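Take a look at the structure set out below.
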Amino acid sequence: MDWQERIAVDPHVLVGKPVVKGTRLAVEFLVDLMAQGWDEGQILHNYPGLEAEDLRACLAYAAATLREERIYPVAI
């Protein structure tokens with residue numbers, strides 16, 4: 001899955017938050033819906049401009065972002 005084909009980051013759209021291309025639906029919003037228990041069918045029904053591949057791209061984007069995250073211990 002190449003999330004870059006379906007996810008856009010544009011400073012003029014939602015202040016640069018990643019969104020599904022051609023929409024103002026943030027990756028964060030859609031991942032949160034899935035975390036709340038919405039299934040693919042519910043999301044696609046409520047947001048008919050989306051496709052199942054868009055939702056998979058959101059998850060792939062989230063996974064790639066977490067994969068790149070670095071945690072550094074801080075001595076207290």
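Just reorder T23, T65 by solvent-accessible area, largest first, 1.4 Å probe, all chains present.
So the residues, ranked largest to smallest area, are T65, T23.
Can you list residues from other chains, or at least 5 along the same chain, whose modelled amide H is less than 5 Å from the amide H of I7?
Long-range HN contacts for I7: K21.
Given only helices, namely DSSP H runs of n ≥ 4 each adding -39500 (n - 2.57), what is the per-residue ellipticity at 222 nm of the chain, to the nearest 500 deg cm²/dmol?
For the chain, the value works out to -13000 deg cm²/dmol.
What base-10 log of the normalised intensity I(q)/I(0) is obtained for the chain from the Debye formula, alpha carbons as equal point scatterers, at q = 0.22 Å⁻¹?
-0.99
Rounded to a whole number, what % of the accessible area of the chain do carbon and sulfur atoms account for, probe 1.4 Å?
Using a 1.4 Å probe with all protein chains present, the chain comes out at 56 percent carbon and sulfur.
With just the Cα atoms defining each centre, how far is the range 38-75 from the range 1-32? Give it in Å.
The two parts, judged by their Cα centres, are 10 Å apart.
The values are calculated or read from the model by the stated rules, or taken from the named source; none is laboratory data. These numbers were taken from a predicted model, which means no experiment stands behind them. What goes into the accessible areas is simple: the full protein's heavy atoms, side chains included, and nothing from ligands, DNA or RNA. Shrake-Rupley method; radii C 1.70, N 1.55, O 1.52, S 1.80 Å.
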